[in-house]
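Structure record follows, encoded as structure tokens.
The values are calculated or read from the model by the stated rules, or taken from the named source; none is laboratory data. Model, not experiment: these values are computed from the prediction. Using ideal geometry, Cβ is built from the backbone for each residue, glycine included, and neighbour counts are taken over all protein chains shown. What goes into the accessible areas is simple: the full protein's heavy atoms, side chains included, and nothing from ligands, DNA or RNA. Shrake-Rupley method; radii C 1.70, N 1.55, O 1.52, S 1.80 Å.
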Amino acid sequence: MITANMKVSDIVKQLPKAADIFRKNRIDFCCGGDISLSEAIHEKSAPIETLLEEINQLDNESSDGLDVQYLDNRSLINYIQNKYHKPLEEEFRSLMPYITKVAKVHGERHPHLIEMKTLVMKLRDELIEHTKDEDDTVFPLIIEYSDNPTEELRAQLQPHIDELESEHDGAGGMLKRLREITNDFTPPMDACGTYRVVYQRLAMLERETFQHVHLENNVLFERL
């Protein structure tokens, strides 16, 4: 039974599908998930009673039937790389031409699209560099520490974890700004097909990134 005093991040670990409810209500479950649900409520979210009712109706399964919080560190890292890291660069490569086109064609009448393009380019550059650092340096170090948990390795690892969590905060801030300027990724009534595709893909990117960061911050890094 989920209660108002439980941490937001712990609720998502117990019920992964709760992430969709939190995202819809603009409740941060990845970078800002270390507070209780009652503390996370704000003026743009549903009342606490409504949220608790929705969450407690969920079944205890992740969207793909795999409860990843019980994977060991090596398996969890492999899951994160395959599900989130590998598709990320390809998604940005596919998405950017649409964003560039929409900003060019509609940016004069909808100036927020210019900011949207700038934000997505910045997010792309930072996330690609971030995941490469994880794959090349931090994840191998985590596996080494998991196999041989010495204080020396822990001291070597900690600054990397701190830096990654700070970068997660930055990515979360950009995604929140994207949601704000796009009216929760809701296109105007007269939006063309490409305009609508961009908003749909940005909403999907937000969903995947928040779940990605949650698994790292609140599951993998928390173990360390």
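Would you check which residues across region 156-191 are open to solvent by 40 Å² or more (accessible area, probe 1.4 Å) and either over 21 Å from Phe29 (Cα atoms) or not in a helix (DSSP H, G or I) (or both) and list them?
Listed by number, the residues that qualify are Gln156, Gln158, Pro159, His160, Asn183, Asp184, Thr186, Met189, Asp190.
Applying the selection to region 32-53, what residues are within 23 Å of Leu205 (Cβ to Cβ) and surrounded by 22 or more Cβ atoms within 10 Å (Cβ to Cβ)?
Answer for region 32-53, where residues must be within 23 Å of Leu205 (Cβ to Cβ) and surrounded by 22 or more Cβ atoms within 10 Å (Cβ to Cβ): Gly33, Ala40.
Is it the case that some residue within region 203-215 is small (Gly, Ala, Ser) and within 26 Å of Lys86 (Cβ to Cβ)?
Looking through region 203-215, at least one residue is small (Gly, Ala, Ser) and within 26 Å of Lys86 (Cβ to Cβ).
Restricting attention to region 78-130, report how many residues are surrounded by 14 or more Cβ atoms within 10 Å (Cβ to Cβ), farther than 18 Å from Arg201 by Cα and among the acidic types (Asp, Glu).
1
Among (1) modelled with pLDDT under 85; (2) farther than 18 Å from Asn218 by Cβ, where does Ile41 come up short?
Of everything listed in (1) modelled with pLDDT under 85; (2) farther than 18 Å from Asn218 by Cβ, Ile41 misses just condition (1).
Give me the pairs: first residue in region 180-205 and free of Cβ contacts under 8 Å to residues at least 60 places away in the same chain, second residue assigned to a helix (DSSP H, G or I) and exposed (fewer than 14 other Cβ atoms within 10 Å of the Cβ), beta-carbon distance under 8 Å, and six or more apart or on different chains, which are they?
These pairs meet every condition: Phe185/Gln200.
Could you list, in sequence order, the residues of region 153-201 that are among the β-branched types (Val, Ile, Thr) and closer than 22 Å to Leu88 by Cα? Let's see the steps before the verdict.
Let us first name the residues in region 153-201 that are among the β-branched types (Val, Ile, Thr), namely 161, 181-182, 186, 194, 197-198.
Passing the criteria: Ile161, Thr182, Thr194, Val197, Val198.
Looking at region 11-31 only, could you name the residues that are charged (D, E, K, R) and open to solvent by 60 Å² or more (accessible area, probe 1.4 Å)?
Lys17, Asp20, Lys24, Arg26
Kindly evaluate Ile142 against the criterion of being assigned to a helix (DSSP H, G or I) and open to solvent by less than 80 Å² (accessible area, probe 1.4 Å).
Yes.
Here is a list: Arg109, Arg124. Which entry is outside any helix (DSSP H, G or I) and of a type in the set (D, E, K, R)?
The match here is Arg109.
Based on what the data block shows, is Thr194 open to solvent by less than 60 Å² (accessible area, probe 1.4 Å), out of contact with any Asp or Glu (no Cβ under 8 Å at 6 or more places or on another chain), among the β-branched types (Val, Ile, Thr) and modelled with pLDDT under 95?
yes
Regarding Glu222, is this residue at pLDDT below 95, open to solvent by 30 Å² or more (accessible area, probe 1.4 Å) and not polar (S, T, N, Q)?
Details: at pLDDT below 95: yes; open to solvent by 30 Å² or more (accessible area, probe 1.4 Å): yes; not polar (S, T, N, Q): yes.
For Glu222, the condition - at pLDDT below 95, open to solvent by 30 Å² or more (accessible area, probe 1.4 Å) and not polar (S, T, N, Q) - is met.
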